[in-house]
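To keep things clear, I will list the structure first and then write my remarks on it.
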Amino acid sequence: MMMNAPPATTGPLADFVGWAIAMLGGQVVATDGRWTLLASDDDVEFPFDQPIDPAELSHRPELLQWLARRLTHRSPLPCSVPRGDVQRVSELATHVYQPYEVADGNVRLAGCTLGNRFFFRETVLRVDGGECSLSHCWRDGQGAPVSDELRSRLGLDRLAPPPRPIPEHAIPPVPVDARSSGDRSQAGADTTHLLTTAVAVKWAEGKLEFVHGSQSVFLEFSGWAREISDSSVSLPPYTCPHTGRQGYRLVRTATGELTVQEAVGECALSGQTHLITNLATCVVSGLRVARDQLERCPISHELLLPHERTACRQCGERVSPLVIADQRCRACRQLEPVPLSDPRIVQITEAVPQARRLRRWTIAETDRVLIAVGKGWWHQWLLVLDRQTLALKRCAHRGRWKRSWTVDAGLPD
Ligand SMILES: [Zn+2]
């Protein structure tokens with residue numbers, strides 16, 4: 001049987017030999033459980049012309065050293081890749097679309113690049129009493145140790161020659177830590193640094209475009225290409241810029257925003273879809289409707305549908321029924337005595353000069369109006385003025401001992 005590395009027998013030594021032979025462009029021929037190593041380079045004279053029993057590799061340190069010398073003779077820093085790593089963007093496309101859906105629209109890849117991120121493997125050979133063993137120490141491009149978990153996720157334990165040569169200038173320098181941090185627990189006269197290998201792993205960076213008619217929004221993503229292609233990592237949800245809600249299904253609201261389903265609600269009045277931030281609940285009816293359908297009560301500041309407002313019998317202002325008691329709004333029930341010098345009384349008497357005759361004022365205000373009651377000798381006058389313009393909105397009077405007001409009966413003489 002003719003095969004590329006790795007050979008049928010596995011284990012750190014067999015894996016290393018198989019990988020090194022493949023890196024040199026050679027092959028392993030396995031016959032009856034024994035290997036014959038064939039180097040393909042014309043200029044390589046393979047010194048091991050006898051078949052090797054894979055079980056005997058631990059007694060062949062000179063084979064491991066020869067392979068390492070051949071590799072570093074070609075390049076001081078051999079460069080490898082995880083076996084089966086993604087090499088083309090087209091291998092990713094279907095995987096990056098898969099989590100997303102656009103109602104009545106589509107998803108497309110608006111750009112994606114695959115770049116190399118480098119790891120470094122330092123291999124140490126230990127020979128002890130004729131038995132040899134290998135150990136690898138891994139560092140990332142910044143010299144930080146690589147966890148077993150990451151090594152496993154990225155397939156760093158199963159290396160292969162790169163499908164296309166990676167030029168030396170594209171490989172960053174070996175971080176100092178990686179060069180100096182072999183497995184020193186095995187340091188000793190029979191421990192030798194065999195070689196350092198650069199490993200290029202594909203990192204994807206791209207942008208998805210979610211399209212609905214002439215409208216589109218974008219989502220950037222990045223990650224290890226291998227993990228995206230085998231769906232072992234979740235691509236990010238789209239985040240609605242208006243609401244902060246996240247999701248994978250995009251819809252278009254009636255008001256034209258293309259966003260995630262989670263950011264959309266329905267107006268109970270119109271049945272149209274809106275961003276949830278554009279919806280609010282009427283404090284009286286409990287209906288969730290578009291905000292522009294609601295008004296704010298000038299006293300409680302709560303939102304309510306206009307037709308739910310109730311007119312105060314005293315000031316005539318239309319307010320939330322929740323601030324009405326005994327047919328009067330909270331402002332009218334809580335008029336407070338103020339001196340003539342109160343700036344609001346000064347304003348009122350400037351706007352309504354006839355009111356200067358009145359003494360002993362009480363006043364309250366809402367977001368919209370000033371409500372003032374001034375007392376004369378025999379009568380009381382109620383004045384309701386627009387806070388902004390001081391326009392007189394209501395004038396009423398009553399006899400000193402009367403409870404009910406007579407509206408629009410004229411100002412004090
Ligand atoms: Zn009132």
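The values are calculated or read from the model by the stated rules, or taken from the named source; none is laboratory data. Because the structure is a prediction, the values reported are computed rather than measured. Note that we place each Cβ from the backbone using ideal geometry, even for glycine, and neighbour counts take in every protein chain shown.
Structure above, values below:
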{"item": "Qualifying residue in the stretch 145-161 (condition: surrounded by fewer than 16 Cβ atoms within 10 Å (Cβ to Cβ) and either modelled with pLDDT under 90 or part of a strand (DSSP E or B) (or both))", "result": "yes"}
{"item": "Residues (within 16 Å of the ligand (Cβ to nearest atom) and in a helix (DSSP H, G or I)) located in the stretch 331-343", "result": "Ala331, Cys332, Arg333"}
{"item": "Which numbered condition Ala355 misses (of (1) modelled with pLDDT under 95; (2) of a type in the set (A, V, I, L, M, F, W, C); (3) within 16 Å of the ligand (Cβ to nearest atom))", "result": "(3)"}
{"item": "Within the stretch 274-283, tally of residues that are surrounded by fewer than 17 Cβ atoms within 10 Å (Cβ to Cβ) and in contact (Cβ under 8 Å) with a residue 24 or more places away in the chain", "result": "1"}
{"item": "Flag if Pro337 is surrounded by fewer than 14 Cβ atoms within 10 Å (Cβ to Cβ), at pLDDT 95 or above and either under 29 Å from Gly286 (Cβ atoms) or not assigned by TED's automatic domain parsing to the domain that holds Ser285 (or both)", "result": "yes"}
{"item": "Subset tally (residues that are more than 10 Å from the ligand (Cβ to nearest atom) and either under 25 Å from Ala372 (Cα atoms) or surrounded by 18 or more Cβ atoms within 10 Å (Cβ to Cβ) (or both)) for the stretch 299-309", "result": "7"}
{"item": "Candidate set from the stretch 319-330 (those that are crowded, with 19+ Cβ neighbours inside 10 Å and under 20 Å from Leu385 (Cβ atoms)); member that is farthest from the ligand (Cβ to nearest atom)", "result": "Val323"}
{"item": "Unmet criterion (only one of (1) at pLDDT below 90; (2) surrounded by 12 or more Cβ atoms within 10 Å (Cβ to Cβ); (3) more than 13 Å from the ligand (Cβ to nearest atom)) for Gln380", "result": "(1)"}
{"item": "Condition met for Ala391 (at pLDDT 90 or above, among the small types (Gly, Ala, Ser) and within 13 Å of the ligand (Cβ to nearest atom))", "result": "no"}
{"item": "Candidates Gly271, Gly286, Gly316, Gly256, filtered to the one that is within 16 Å of the ligand (Cβ to nearest atom), in a loop (DSSP other than H, G, I, E, B) and surrounded by fewer than 20 Cβ atoms within 10 Å (Cβ to Cβ)", "result": "Gly316"}
